[in-house]
Amino acid sequence: MSARPAAPAGAALRPPASKRLAGLVLLFSATLWGLSWWPMQALAGLGVQGPALTFMAYGGVGLLGLPRLWHERARWLGRPGQMLMIALMGGWAAASFVMAMTQGDVVREMLLFYLAPAWSVLGGHFLLKEHLGARRLAAVVLAMAGAYLVIRAGGAGTQAGAQPGLQTVPLAGLPWGGPGGVTGADLMALSSSVTFAGNNLATRAAQEIPVASKAIVLMLGCAVISALLLAGTGASLPALSGAAALGVLAFALVWILCGSSTTAYGMSHLEAGRAAVIILAELVAAVASASLVKGRVPSLGELVGGGLILAAAALDVFET
């Protein structure tokens, strides 16, 4: 007989304001991650490629968090399976997302990554037995329709000096590609979408484990996976210039430390389906920022789709 996972203490009495706060925190986190392509690509231009960046940045923050992880050991030592799942799912999601965004086209890779909300909603319903009411279903439909319009319009805008169409740059150092112009970056984005959804569900299910421990073990898992990728491809850590070192430090503190902590908090206080809808705001931030920085004029489809995604996020965030 299957049942819902045990709710955390006080969850039944949690006021609507608490859920609203968690939704707003997750919305902030999604926006922050939507802007993450910029430092990723800037650092790649300085010679700090995907696995090297995730090893140094995620690993550095993870090491700083070891004392906190040890302090909270009594609350997670009896749940090694949940901790391992978060480390593997979240770690691979982070590492593969960075590789996809540094080697591929921002909009194209977001298309594949944003299959994640569909996996999260389905997993939340079938695995965690979360109820999908009419309001939640309406938000999901709005969000997915918006994502479809934004992605379908990807590349339709104009960018001075750029060739039309999507980039198909092979992922540096990886031994595989794909048929029909599918690149290693595309495969990384697709795998990131699946494992991100898995981490969403694992984080939600592990209610007894503190938020900080979940965030730290994800970072350590990403560092280990990145080290294996470096070893497997024969790559080595680059010698950092002053600008590159400062960039890695800023990425670690702003995006990883702040972004991962706020994501873990929001996911731990919201149902997987609701969190998946709110996180779609990341797509809006990514498309809008890429359009501004790269000088690409957004198409009508991108504008309409972005509006639908924001409407879905607002509908869910301000649910009482």
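Taken together, the values in this text are just the output of simple stated rules run on the coordinates, not laboratory data. Small disclaimer: the values here were computed from a predicted structure and weren't measured. Positions of Cβ are backbone-derived with ideal geometry, glycine not excepted, and every protein chain shown enters the neighbour counts.
Net charge in the neighbourhood of M188 (other residues with Cβ under 13 Å of its Cβ; Lys, Arg +1, Asp, Glu -1) is -2.
Between A239 and R73, the FRET efficiency from the beta-carbon distance, with R0 = 30 Å, is close to 0.25. Across the range 219-260, Cα-Cα pairs more than 16 Å apart make up 52 percent of the total. Per-residue 3J(HN,Hα) values for the range 226-236, derived from phi via the Karplus relation 6.51 cos²θ - 1.76 cosθ + 1.60 with θ = phi - 60°, read 5, 4, 5, 5, 4, 5, x, 9, x, 7, 10 Hz in sequence order (x marks Gly and Pro).
Footprinting exposure proxy ranking of E302, E109, fewest other C-beta atoms within 10 angstrom first, gives E302, E109.
Taking a straight line from the alpha carbon of K129, these lysines sit under 30 Å away, with near neighbours fewer than eight places off in the same chain left out: K19, K214. The fewest-to-most ranking of L43, L308 by surrounding Cβ atoms within 10 Å reads L308, L43. Exposure proxy for T195, T54, T31, T263: other Cβ atoms within 10 Å of each Cβ, ordered fewest to most, give T31, T195, T263, T54. Once the C-beta distance of L246 and L303 is scaled by a Förster radius of 25 Å, the resulting FRET efficiency is 0.10 to the nearest 0.05.
Take the Cα of V254, step 7 Å toward its Cβ, do the same at E208, and the gap between the two points is 4.0 nm. Structural size metrics of the range 42-114, computed from C-alpha coordinates, are Rg and Dmax of 15.3, 44 Å.
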